[in-house]
1. Just to be sure I understand the filter: pairs with C-beta atoms under 6 Å, separated by 6 or more residues or on different chains, first member in the stretch B:129-157 and under 18 Å from B:A184 (Cβ atoms), second member outside any helix (DSSP H, G or I) and of a type in the set (S, T, Y). Which pairs pass?
2. Does A:A86 satisfy the criteria of being among the hydrophobic types (A, V, I, L, M, F, W, C), surrounded by 22 or more Cβ atoms within 10 Å (Cβ to Cβ), modelled with pLDDT under 80 and within 27 Å of A:E35 (Cβ to Cβ)?
3. What pairs can you find where one residue is in the stretch A:6-25 and more than 21 Å from A:R51 (Cβ to Cβ) and more than 9 Å from every other protein chain (Cβ to nearest Cβ), the other is assigned to a helix (DSSP H, G or I) and of a type in the set (S, T, N, Q), and their Cβ atoms are less than 6 Å apart, with a gap of 6+ or different chains?
4. Are any residues in the stretch B:35-84 under 13 Å from the mean Cα position of the chain (by Cα), among the charged types (D, E, K, R) and either more than 25 Å from B:L7 (Cβ to Cβ) or within 13 Å of another protein chain (Cβ to nearest Cβ) (or both), and if so, which ones?
5. Within the stretch A:29-51, is even one residue assigned to a loop (DSSP other than H, G, I, E, B), within 22 Å of B:S71 (Cβ to Cβ) and at the interface with chain B (Cβ under 9 Å from one of its Cβ atoms)?
6. Please specify each residue of the stretch B:46-76 satisfying the condition of being surrounded by fewer than 21 Cβ atoms within 10 Å (Cβ to Cβ) and under 11 Å from B:L35 (Cα atoms).
7. Yes or no: B:A15 of a type outside the set (D, E, K, R), part of a helix (DSSP H, G or I) and either at pLDDT 95 or above or in contact with a Cys (Cβ under 8 Å, 6 or more places away or on another chain) (or both)?
8. Quick one: would you say B:I21 is away from every other protein chain (no Cβ under 13 Å) and surrounded by 15 or more Cβ atoms within 10 Å (Cβ to Cβ)?
Amino acid sequence: MMQAVAIPPFERFYEEHRSDVLRLLRRRLGADRAEDAFQETFLRALRAYGRLDHGEHLRAWVLTIAQNVALDTLRRTRPTSELVEAAAADAEPAYAGLAELTDGLGPKERAAVVLRYGYDLSYDQIATALGSSPDAARQATSTGVRRIRRRITS
Amino acid sequence: MTVSPDLDRRFRDTAAELGLIDVGFDVVDSPIGDLLVAASDRGLAAISFDSDPEDQLERLARIAGPRVLRSPRSVDLARRELDEYFEGRRRNFDVSLDLRALPPFTLSVLDELARVPYGETTTYGKLALRVGHPRAARAVGTVMNRNRIPIVLPCHRVVGATGSLTGYAGGLDVKERLLELEGAR
């Protein structure tokens, strides 16, 4: 049996990914708003950290959280059309193999499908990344999969 | 992209304030060298003479959980009491201790150890006697050796039957200095 990758102590995880998270948030939000979003991103990660099942794909996980925090920030401050553009930019293929398949899904569904099937994350982890409940994460994933199936069979 | 010290500090403080970390730690300077001090919401969990966090992160995670974060705020209380102790203004520590997951024998030995008064010494054999296992001096030595919270749990006050210092995680010179500080030598 494969040994699950151990979950690193949070300090190590934080030190490894904080620069990338800040870079992403600055690009999306500008320097000022990036600071609050940075804090929010790592607080969300910290809240879920004790429930992680394994230490794989943590970079993808925390960047997805950051993208969702950025979206939440934009949603509070910008009109919807810009939001859609930002969401599309955020949904840059985090996992290349699924990129084409997930084209055309909404940002949440797309993120859920990629995290579930590209990164093999649990619904708990996906929920944290999306800032929703595990049930909602499961729902978004299955809606996404249904849409993909409908498109490739039609 | 460098995270500014200010932003970094704000995140660490907020995480501690919200009670989101299992164990917070910081490096505390002292007359016997830098100490790595760690505390959970239950209390002081570890003091290490090896103050390089890289060496201690996994150990702290095993004690209290994976949410290990450097957070000066988490160890404020312990830092203050240690400062007072090293300045000779404190004889007993009031900070609560996180001794979770230690086996019963270890706990009973540490409990007796905590009663050894400031400025006095005892021996491994006497401690063994006091926990009701007169022949377990060696096992008591092992407990001292693995003491997670030296200084506060004063294993430096335990010496060999002949009065020799025998051993100490921080080095015999540190043991000697602590005993001198307390006026025991």
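1. B:R157/B:T121
2. Values: among the hydrophobic types (A, V, I, L, M, F, W, C): yes; surrounded by 22 or more Cβ atoms within 10 Å (Cβ to Cβ): no; modelled with pLDDT under 80: yes; within 27 Å of A:E35 (Cβ to Cβ): yes.
The answer is no for A:A86.
3. Nothing qualifies.
4. Residues satisfying the conditions are B:D50, B:E81.
5. Taking the stretch A:29-51 and keeping what is assigned to a loop (DSSP other than H, G, I, E, B), we get A:50-51.
Narrowing the set further to residues that are within 22 Å of B:S71 (Cβ to Cβ) leaves A:50-51.
Subset that is at the interface with chain B (Cβ under 9 Å from one of its Cβ atoms): A:50.
There is at least one residue in the stretch A:29-51 that is assigned to a loop (DSSP other than H, G, I, E, B), within 22 Å of B:S71 (Cβ to Cβ) and at the interface with chain B (Cβ under 9 Å from one of its Cβ atoms).
6. Result: B:F49, B:D50, B:S51, B:D52, B:P53.
7. Details: of a type outside the set (D, E, K, R): yes; part of a helix (DSSP H, G or I): yes; either at pLDDT 95 or above or in contact with a Cys (Cβ under 8 Å, 6 or more places away or on another chain) (or both): yes.
Considered against the rule, which asks whether it is of a type outside the set (D, E, K, R), part of a helix (DSSP H, G or I) and either at pLDDT 95 or above or in contact with a Cys (Cβ under 8 Å, 6 or more places away or on another chain) (or both), B:A15 comes out as yes.
8. On the way: away from every other protein chain (no Cβ under 13 Å): no; surrounded by 15 or more Cβ atoms within 10 Å (Cβ to Cβ): yes.
The answer is no for B:I21.
The values are calculated or read from the model by the stated rules, or taken from the named source; none is laboratory data. Every value quoted in this text rests on a predicted model; they were computed, and no experiment measured them. Reconstructed Cβ throughout: ideal geometry from the backbone, glycine too, with neighbour counts over all protein chains shown.
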